[in-house]
Amino acid sequence: MLKRWCEIGEKLAIGRHLEYKAVIEITYLCDDAVMEVMWGLKNLMHSLVSEEKTELTEEDRVSQ
């Protein structure tokens, strides 16, 4: 599915490098800037997607 959305030469930004490294078969980017963006998105998800009801764990809220 990921290959369908990523064009040749594009990189996918991922938030959990070690967990996804073995299963993603496309070029990806995972660095401090990406991790900060992912943290921000998780904290704002309820505002960005009104149907999202996922509650963040304490670890997720303070991990950055």
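Order these by the 10 Å Cβ neighbour count, fewest first: Lys42, Lys11. Don't skip to the answer; put the middle values down first.
Numbers: Lys42 17, Lys11 12.
Fewest to most other Cβ atoms nearby, the residues stand as Lys11, Lys42.
Expected output is a single nm value to one decimal: the length gained when fully extending between Leu48 and Asp31, i.e. 0.36 nm times separation in residues minus the C-alpha distance. What is it?
Numbers: separation 17, 0.36 × 17 = 6.12 nm, distance 2.33 nm.
3.8 nm is the gain from fully extending Leu48 to Asp31.
Bear in mind that the values in this text are calculations on the coordinates, not laboratory data. Owing to the predicted nature of the structure, the values given are computational and were not obtained by experimental measurement. A quick note on method: Cβ atoms are made from the backbone with ideal geometry, for glycine too, and the neighbour counts reach across all protein chains shown.
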